[in-house]
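A short reminder: the numbers here are calculations on the coordinates, not readings from a lab. Because the structure is predicted, anything quoted here is derived from the model rather than measured. FYI the Cβ positions are ideal-geometry reconstructions off the backbone, even for glycines, and counts take in every protein chain you see.
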Amino acid sequence: MKKVTFDCVTGETVEVDMTQEEIAELDQITNRPPTLTQEELLLLALTDTQLRLAEQQALTDQLALAISQIQIGGAQA
């Protein structure tokens, strides 16, 4: 049986002679989600933490600006 697949080495679509079992095994492997290494998981966690810190810093900056505006407004009154 023929199976059309992508050859990562050449970058071309090719036809390969495979048995039904080989096709089923290949399909099962290609449909499996990628497994992340521990290093990749740690980098994702670090990136997420950095984004949360940046959001918190932006909120802190907004609060400081609002307080400054109130203080300036109160000094003029």
Under 6 Å by Cβ, and 6 or more places apart or on different chains, what pairs join a residue from region 11-32 that is touching a residue at least 60 places away in the same chain (Cβ under 8 Å) with one that is surrounded by 10 or more Cβ atoms within 10 Å (Cβ to Cβ)? none
For region 7-27, give me the residue count where each residue is in a strand (DSSP E or B) and surrounded by 10 or more Cβ atoms within 10 Å (Cβ to Cβ). 3
If you go through LEU44, LEU63, LEU36, the only one that is surrounded by 10 or more Cβ atoms within 10 Å (Cβ to Cβ) and either in contact (Cβ under 8 Å) with a residue 60 or more places away in the chain or assigned to a loop (DSSP other than H, G, I, E, B) (or both) is LEU36
